[in-house]
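Asker: Please see the structure below; I have some questions.
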Amino acid sequence: MTTTESVSKKERDGCKGCSADVKVTDEQIQRLISKIKADACVTDELYAKRLEACGNCASLAYETTCMHCGCLVQVRAKLKDKGCPHPQQAVREQWDQSTKLMLTK
């Protein structure tokens, strides 16, 4: 199976190469986000749209981790200069469209 193929939630959570210590708590994520400078962040509205796109992606593991780049999506979605790392253009366009909509408002 390639990284571009869909994987069920059960398959992702049952990864034998991963353990409980790869799971990150909300508190840990919020601590990381709090260290990002305000001028490097997207608006709260765009952040919510990006998180929604990630939440609907089959490549999201543990509700926090992108299977394509290994990032914490809550952190990546907050950063202005980051995009979706998914190899399929159709999936990346969800982030791109959210960004374009916010820039035209």
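Asker: Scaled to the compact-protein estimate 2.2 N^0.38 Å, what is the alpha-carbon radius of gyration of region 25-104, rounded to two decimal places?
Answerer: Working: Rg = 12.0 Å, N = 80, 2.2 N^0.38 = 11.6 Å.
This ratio for region 25-104 stands at 1.03.
Asker: I need 50, 92, 76 ordered by Cβ neighbour count within 10 Å, fewest first. Present the calculation step by step, with values, prior to reporting the outcome.
Answerer: On the way: 50 25, 92 15, 76 18.
Sorted ascending by nearby Cβ count, the order is 92, 76, 50.
Asker: Compute the distance in nm between two label points, each set 7 Å from the Cα along the Cα-to-Cβ direction, one at residue 75 and one at residue 56.
Answerer: Rounded to a tenth, the inter-label distance reads 2.6 nm.
Every number in this text was worked out from the coordinates using simple rules, so none of it is lab data. These numbers come from a predicted model, not from an experiment. Every residue, glycine as well, gets a Cβ built from its backbone with ideal geometry; the counts of neighbours run over all protein chains shown.
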